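Contents: one structure, followed by commentary.
The values are calculated or read from the model by the stated rules, or taken from the named source; none is laboratory data. Remember, it's a predicted structure, so these values are computed and weren't measured experimentally. When we count neighbours, we look across all protein chains shown, and the Cβ atoms used for this are built from the backbone with ideal geometry, even at glycine. The accessibility values were calculated without ligands, DNA or RNA, using every heavy atom of the protein model including side chains. Shrake-Rupley method; radii C 1.70, N 1.55, O 1.52, S 1.80 Å.
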Amino acid sequence: MLYLVCFLISMVPIIELRGAVPFGIANDLNPFVLFPICIIGNMLPVPLIYFFARKVLIWGQDKKFIGKFFTWCIKKGEKGGEKLQKKGGKGLFIALMLFVGIPLPGTGAWTGTLAASFLNMGFKRSVIAVICGVLIAGIIMGFGTYMVKMGAGGIFSLMANS
């Protein structure tokens, strides 16, 4: 059941795999099962985002209740695309991969894919760059979580023994 929770967390914008991996590790899930589940969950929305998100956002930006949020999303995607274009230039693939791979809020697969669609980067190239970035983010989050967990466990065991 916790694997399903991690899968679903991985699909949530902003949280994505960066939240699901620490949650799974904190709950002592097997990392060799956890990582593929989180990667699949994080990547599942990518084709929908690439092909449809921009169209839906543009359609909804002038609607009464959703317009402000959709406009914010468009600006976020355009800003991310501009940032990638400036930093990446001809190395746009690497820039997108690193943008998605650095585990900060707002730099995950959702934003990276939206930015790639605004840049008309190409579906195949975008997906490969995003999955490489998701792998990097997963490794960073997994390693960091294990370090914190081992550190905290070591500290608590020392406190208990004194």
Value of D in µm² per second that Stokes-Einstein yields for the chain, Kirkwood Rh from Cα pairs, at 20 °C (1.002 mPa s): 129 µm²/s
In nm, to one decimal, how far is the modelled label at Asn120 from the one at Glu78, with both set 7 Å along Cα→Cβ? 1.6 nm
Heavy-atom surface of the chain, accessible at 1.4 Å and reported per residue (Å²): 58 Å²
Overall Cα dimensions of segment 38-89 - principal axes, largest extent first, Å: 34, 29, 17
In whole Hz, the Karplus estimates of ³J(HN,Hα) for segment 139-146 (6.51, -1.76, 1.60; θ = phi - 60°; x where Gly or Pro) are 5, 4, 5, x, 4, x, 5, 4
Sum of -39500 (n - 2.57) over DSSP H runs of 4+, divided by residues of the chain (222 nm, nearest 500): -24500 deg cm²/dmol
Under 1.5 on a/c is rounded, so check that first for segment 14-59, then, if it is not, pick prolate when a/b is larger than b/c and oblate when it is not; a ≥ b ≥ c are the square roots of the alpha carbon gyration tensor eigenvalues. prolate
What percent do you get for the relative contact order of the chain when only Cα pairs under 8 Å and 6+ apart count? 25 percent
Over segment 1-118, with every protein chain in place, what whole percent of the accessible area is carbon and sulfur at 1.4 Å, could you tell me? 73 percent
What list of ³J(HN,Hα) values in whole Hz, one per residue of segment 103-108 in order, does the Karplus curve 6.51 cos²θ - 1.76 cosθ + 1.60 (θ = phi - 60°) give from phi, with Gly and Pro shown as x? x, 10, x, x, 10, x
I'd like the accessible area for Ile94: 1.4 Å probe, protein heavy atoms, all chains in place, Å² to the nearest 10. 80 Å²
Shape parameters for segment 10-103, alpha-carbon atoms, Rg then Dmax in Å: 16.0, 46
